[in-house]
1. Whole Å is fine, so just give me how far the alpha carbon centre of segment 638-655 lies from that of segment 42-70.
2. Can you give the direction-averaged projected area of the convex hull of the alpha-carbon atoms in the chain, in nm²?
3. Cα gyration tensor of segment 551-627, axes a ≥ b ≥ c as square roots of the eigenvalues: rounded (a/c below 1.5), prolate (a/b > b/c) or oblate?
4. With everything on Cα atoms, drop me the angle between helix 468-479 and the longest principal axis of the chain, reported from 0 to 90° to the nearest 10.
5. Sorting 701, 311 on the 10 Å Cβ count, fewest up front, what's the list?
6. Counting DSSP beta bridges in the chain, what percent are antiparallel, to the nearest 5?
7. Take the alpha carbon gyration tensor of segment 155-483, find the square roots of its eigenvalues, order them as a ≥ b ≥ c, and report rounded if a/c is under 1.5; if not, report prolate when a/b exceeds b/c, else oblate.
8. Can you work out the FRET efficiency for the pair residue 722 and residue 581, with r the C-beta to C-beta distance and R0 = 56 Å, to the nearest 0.05?
Ligand code: BDP
């Protein structure tokens, strides 16, 4: 198996299970249009029933045909279409559903015949109901009677970071499925398959291009191409939007300025937007990265961020319900480290404070989960607690930019839960991040989630079979942020690899151990992922690079102490950006949880943690524990040999073996580095002491020479051979 079907494989069920299911003869699709999500759902059911139960089922959709169809059948449609047809559902059985919600039930015809009913609050909801039905079937779970399900938040979107030339920023799975050589691909088969995966977990929108956008995205040829992408994804209930390049008026339109208050610029964007709507009539809207990491924006022209956002918001308004997703990821990447008050973590609040009342009502602020940048552990962004009138989108990252880039297994829901479940105590009242994001806290109608997902043309989509659990889980968490992370990985495993208990238990165990392991061997106590910042690869250990750069991802490590002082009393003041109760907790070193200690405090290496260990001994031990856990992954995986297909078995075994080795590189680099920096020995005598190891430079060599390497900590003896 190649992985192309993801978790939607519909592997045949065993004969004894098949015999317990009704022999459905027909699917009644209460929709006339063959491009509607209801019809898509009917086709998906047809395909699923063929593969799972070996049933040949016909789809009928005209009233004349429907009247003749015998039971048992599956009837699918919206509640409205049910009530207009002969398939009426009694009114007292119709539940109260939110937008995109669905209802699954059965209708007893006689003692041995039962129909299945799938009804959606809208067409998309019906499609989601069909997928839920199929996933229950795959897992041999019973048909639900009157089961309802509604999403937690209306916005459940993906951000692809694809460039027009076909490369993908932070993509680890081959070239783009959307773009090639400056234009939209001719063959969009993979795009339709992607939309199918998205729909199966309730994801309803996508921004198809990189936040670091290009003006040519909106040239006439690409406008048409974007229309084709939208046409391919629409039957799956997925709407598309685009990320804009702020200087498009200058660079594509030939105007002398892109000043958002200049009338020609306003007219230019209005016109471009009208043209885009001609091609994409249900456009989601515009994603904007501006005044960040070298991108132009309203500040370039002496205007406010709100001026920039409102320019696009007003251009969208006449055409429908399109929104502006204005990213809060605004910061200067030439920060001066010698200024101890400088703190990139403060930037979002500093830039957006005071703007809450300034935005048009179709502007949302899109906020990364932490104040810095998708690190292995961060506190929630303080900006999540400060906007009341302006709704937000919480941004996660499914592609593991700082988390091993799909060469390391890191199952992300346990990390996401540290954010979603965090109680911000806004106004001294319960304020879990998930309730702010859903819109419940402040009564927002449209808010929700976005995740950076950089699927590519590789048949595995993300570059690793196991990494797909994160895409699946992302959809599940947008739908229900209280989902149990163990139940989610178990469901995904059954769908993706089969229900054998050894398969389910092994993948669940490895997955649940993976984020703690990665945190242990990459960066502990809230110090961030200690990877290469300077070369921008964001991979592999490089603790020295975490200081002395303009990017503001600093550890402030010297010979005696480590960590960012973000207190109000003596540091950058970042702790004070949170609501008072949370601010007080982070301000005081005694109440700051150990796992965020170095995020908020600068302490000596000998500082004693709540566990009783010193900071440096915790570093040493955690790195050994993390690497030790990772080394069990390929061994645990061996239990699956023969239980799953050879192709996916080998592909994954190779990745896990690589991870096991690379975790040792991580362990030793970080430990050697801090050991050299502070000179404090490891209580267990492990660090820098590998008597059993045969160093390449100590062997008899011909044709090679020994060279010292930089950084020294990347090889155990500080030397390599070339
Ligand atoms: C950083 C990535 C960079 C993105 C940026 C962003 O390294 O490639 O452009 O985030 O989110 O994490 O805009």
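1. 36
2. Average of the hull's projected areas for the chain equals 34.3 nm².
3. prolate
4. On a 0 to 90 degree scale, this one is about 70.
5. With the sparsest Cβ surroundings first, the list reads 701, 311.
6. 35
7. rounded
8. Efficiency for this residue pair is about 0.50.
Bear in mind that the values in this text are calculations on the coordinates, not laboratory data. All values derive from a computational prediction rather than experimental measurement. Cβ coordinates were reconstructed from backbone atoms using ideal geometry, including for glycine residues, and neighbour counts include every protein chain displayed.
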